Structures are given as C-alpha cells and as structure tokens.
Amino acid sequence: MSVRHRLWMAAVAGFGLTASALPERRVNTDEAKVPPYVIEDVLVSTNGTRVTAAAQWPERRRELLALLERELYGKWPKAPETLVIDEQEEHRAFYDLARIRQFTMRFREDRSGPRIDWMLLEPVHAKGAVPVIVMLNYRGNHEHMSEPCVGVSDFWVDRLRQRGVTPNRVDASVRGQMRYPYDLVLARGYAVLTACYHQAAPDPLPEDMPLKEVRSRGLYRLWDETDVGTLAVWGWAMCRGLDLAARLPELDMTRTVAYGYSRLAKAALIAGAFDERFAVVVPCQPGGGGVALQKRQFGENADWMTQVFPHWFCSAYRKYANNEAAMPLDQHFLVAAVAPRRLLVQGFDEPWYDTKGEWLSCRAASPVWELLGRKGLSSGNFPDDFSTAATAGDIGYVRRPGSHGISGYDWMWMLDFADASWRTAPHAANKGKGVMQ
C-alpha cells in the first residue's frame, strides 16, 4: 500500500468512515512532487508599497484580515451587543484544590436563541488574578470532568466521528474520558475556560447535514450573513470566552492564551488573529487551512477540504480547489496577523499536517515580528523533533512524532511559552487593551 493510500485510510478512519464512504481526493505527500510556488511578501501592501516602519503595520494587518475574510473564512461577525450570563453553583475538584464554575452565555435579553455553556476551572489557592487558557472542546464539557455536577451536553454532535454518540447526541458514557492534565495546569497557576465547539456551529460531513442547514444552527442564528465558515464561527466563540473572562476579576486579562488542536487549532489561530486581546496564541497541529502553506500542495489541501468539510470556509475558497497557485494570499498572512503578540505553533510528524509547510509559513511571517521590534524565529533551521531551539522568540515552532492530539509535551511547551511571555515586553505592550472583536 502506498504512503498516499495509507494516509487516506488513516484520515477517513479518523472521521469514523470507511474508505469507500468518500471518493479519494488528490493529496500529495511526496516532497519530490511539490511544485514550484511563490508566496506573497507579507510586508508588501496591496498597492505594492513596502511596509518599512512599525507605524505602518496596523493598516497592513487590516489588509491581511480583509483578504482572509474575503477569500478563506468569511466576514468576521461583529461583537455582540448583548451578553446575558448566568452562573450555576460552584463545585470543587482535584482534591479540593480547584473550583469548577459553569456559565450559560446568551445573546438576547429574553434569553432566547443560541447559547454557549462555558466551564471554568480555576486554582483555589492562587494569590491574585491568574492567566486563563481559552479553548474549545469536541464532545462537551462533561467529557473533560468526572464530576456529575457538569451536565451532559444536549446539542447536536457528529456521531460518525465520536464514540459515545447515538443519533447526534452524546451520553454520559464519555464523562471524564478526555484525560487532560488539568490538575497540573492548575498547579502551574492557570485557569482553563472551555466550551463545546458543536454548540457554536455543527461540524458534520456533507451527507449528514446540508450546508444550508449548518448555517441555520448555533451562532448563525445571530446573523443575517451566513457565508461565514464554521472555522471563523468557532474562533468568534472563543472571543466570547474572553468577554466572560473580562467579567471575572480573578482572571488576568493581560495574560490570555488561545489554545486548541486540529480543526480547533485553526479556530484558535483565527481567534488570535482577529482579536488582539489574546496575548498568546498556540495552535496545536492545525493542518490545512491553518498554518501550513497551501501553495506547497502538500498534505491536506483545498480540494480535499472543500469536498469533505465545505462548511469550514466561505464560498469564495472553493475556487482554489486544485488551483492554490491562484490564491492572492497564503497561511503566513494569518500567522502574521497575530504579531506583535506571541505565537507558538505546535506540529507533529504526520504528512497530512505538513510540518515543513508550517515551518516555512512561520519563517515567511517572522519578518513582521522583527519589524515590530520583537524576536522572530530563534532558529534558522527546521527544528528536530522535541527540540525547543525555535521557541525562544516571540514567534516559535516545535514539533514531535506520535499520534494526533494534545500530549503532555504539547501542554508543557505551551505553558513554558506562556510563562516566558509574561516575563517579556510583548505582554507589557498588550495590557489587555486590544479591541473586542
């Protein structure tokens, strides 16, 4: 069996499908077959002039975001005019050293329409306000906690990709199955704020739900504009987590982290690009449509994604299927939009996710940090597995072998990078005063 075929089989297995369930897509995993390509200089404006001073960057950043909206993700929705937040009774966890707080967020005074159910884990014995990690989860908050006080999710989820799901609803069998080291994260002095991404917008395969129905559910009910990809909707939901955090004085809004893995890493990166209140952005294994250069035509690509997950992007993106060379941008534009705040990209050695393409994208974006007086990539070479040589700058890259998902290494690298951020100038420059998006 060819590498390409094995990759395809692994990919469809990850969606809970058989190889016969979907037609094979064109996916290249051979470096020898990467075509010649040219990517745009991120510091050259649309009118052809070069950005040479830090004062010019905000306008160039607005150009990048406008291109990303128009060609990839859809129009970024405005911040909500109304937020109604109800809190449930507080509970203790992790040997009574942490508290669980649950909040229901709604967007209308009468509490009608869509909602987001947030779960906050915070250390009990912290002295002063603590940094907060905002991240979405896949199967509901109860998957992350064994405590019965965390309710079972009651919204649509994708049964084909998830265990413990019957007709698009999760059940209690998945309670506590996502064994993230939250007790260690809390011991490091961090709070974690999480909600399920399906509640913001569903994530089906095309045969499970037509695109029109996807864009009539969840947060889409708040807007007249529906040509917004779900990646942007999930990112927008993460920003609403910051709105909640801003109301809680025990959370430090100058020390905020956007985190997620796989498709939710893409969402975290989009959230961090559009919302300057995120001081640190850490996408873990984001894959195609995230960090890796699309014009390399290696691994997950526009052809595959627009057929299997057409709801992820706006309609304009479809014209780049098998036509990446025509794109007027590439993923380094999204990466650069985070500058001058701190960004750590975490990759892993699966060709589908194109770690080399991620590294090259970070290299292409690094001059923006340098222009702004920050430290670019601290290593000129593609780092070896487990090497942290390229994590000392304000934009960093690290990778590992193994399986897809957030491992102990990924958590450790993220926390170390965030800790270093609070000791450096980019944190002081942010001060949590970014415009709410």
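Just to confirm my filter: which strands (runs of 3 or more DSSP E) fall fully inside the stretch 75-125 and include at least 3 residues that are under 20 Å from residue 148 (Cβ atoms)? Please lay out each step first, then the result.
Working: elements: 84-87, 91-93, 98-106, 115-123.
Answer list for the stretch 75-125: 91-93, 98-106, 115-123.
Please go through the stretch 272-320 and pick out each residue that is over 16 Å from residue 37 (Cβ atoms) and without any contact (Cβ under 8 Å) to a residue 40 or more places away in the chain.
Matches in the stretch 272-320: 305, 306, 318, 319.
Looking for something over 24 Å from residue 284 (Cα atoms), in contact with a strand residue (DSSP E or B) (Cβ under 9 Å, 6 or more places away or on another chain) and in contact (Cβ under 8 Å) with a residue 24 or more places away in the chain - is there at least one such residue anywhere in the stretch 130-148? Walk me through how you get there before you give the answer.
At the first step, the residues of the stretch 130-148 found to be over 24 Å from residue 284 (Cα atoms) are 146-148.
Okay, now just the ones that are also in contact with a strand residue (DSSP E or B) (Cβ under 9 Å, 6 or more places away or on another chain), so 146-147.
Going one step further and asking which of them are in contact (Cβ under 8 Å) with a residue 24 or more places away in the chain, we end up with 146-147.
Yes: one or more hits.
Look at the stretch 64-84 and say how many of its residues are of a type outside the set (A, V, I, L, M, F, W, C) and either open to solvent by 50 Å² or more (accessible area, probe 1.4 Å) or over 18 Å from the mean Cα position of the chain (by Cα) (or both).
So the count comes out to 7.
I need every pair where a residue in the stretch 239-252 that is of a type in the set (Gly, Ala, Ser) has its Cβ under 6 Å from the Cβ of a residue that is open to solvent by less than 20 Å² (accessible area, probe 1.4 Å), sequence separation at least 6 or different chains.
Pairs that qualify, where the first residue is of a type in the set (Gly, Ala, Ser) and the partner is open to solvent by less than 20 Å² (accessible area, probe 1.4 Å), are 241/134; 241/193; 245/132; 245/251.
With touching a residue at least 12 places away in the same chain (Cβ under 8 Å) and either closer than 22 Å to residue 153 by Cβ or loosely packed, with under 14 Cβ neighbours inside 10 Å (or both) as the only criterion, which of 61, 101 stands out?
101
Is there a residue being open to solvent by less than 60 Å² (accessible area, probe 1.4 Å), on the phi > 0 side of the Ramachandran plot and modelled with pLDDT of 95 or more anywhere in the stretch 85-98?
No, every residue in the stretch 85-98 fails to be open to solvent by less than 60 Å² (accessible area, probe 1.4 Å), on the phi > 0 side of the Ramachandran plot and modelled with pLDDT of 95 or more.
Of the residues that make up the stretch 320-327, is at least one assigned to a loop (DSSP other than H, G, I, E, B), out of contact with any Cys (no Cβ under 8 Å at 6 or more places or on another chain), at positive phi and open to solvent by 10 Å² or more (accessible area, probe 1.4 Å)?
yes
If residue 39 meets every condition in (1) over 25 Å from residue 203 (Cβ atoms); (2) in a loop (DSSP other than H, G, I, E, B); (3) modelled with pLDDT under 95; (4) not basic (Lys, Arg) apart from one, which number is that one?
The number of the failed condition is (3).
I want to confirm something. Restricting to the stretch 24-52 and keeping residues that are aliphatic (A, V, I, L, M) and in contact (Cβ under 8 Å) with a residue 12 or more places away in the chain, which single residue is farthest from residue 295 (Cα to Cα)?
Taking the stretch 24-52 and keeping what is aliphatic (A, V, I, L, M), we get 27, 32, 34, 38-39, 42-44, 51.
Checking the rest, the ones that are also in contact (Cβ under 8 Å) with a residue 12 or more places away in the chain come to 27, 34, 38-39, 42-43, 51.
Details: 27: 13, 34: 9, 38: 8, 39: 7, 42: 15, 43: 18, 51: 23 Å.
So the residue we want is 51.
Within 30 Å of residue 59 (Cβ to Cβ), under 20 Å from the mean Cα position of the chain (by Cα) and open to solvent by 40 Å² or more (accessible area, probe 1.4 Å), is that true of residue 360?
yes
Mind listing whichever residues of the stretch 360-389 are free of Cβ contacts under 8 Å to residues at least 40 places away in the same chain, within 25 Å of residue 34 (Cβ to Cβ) and in a helix (DSSP H, G or I)?
Across the stretch 360-389, the qualifying residues are 363, 366.
Return the residues of the stretch 255-267 that are open to solvent by less than 10 Å² (accessible area, probe 1.4 Å) and either of a type in the set (Val, Ile, Thr) or more than 17 Å from residue 191 (Cα to Cα) (or both); say none if nothing qualifies.
256, 257, 264, 265, 266, 267
The values are calculated or read from the model by the stated rules, or taken from the named source; none is laboratory data. Quick caveat: nothing in here was measured; it's all calculated off a predicted structure. Cβ atoms come from the backbone with ideal geometry, glycine included; neighbour counts cover every protein chain shown. These area figures cover heavy atoms from the full protein model, side chains too; ligands, DNA and RNA do not enter into them. Shrake-Rupley method; radii C 1.70, N 1.55, O 1.52, S 1.80 Å.
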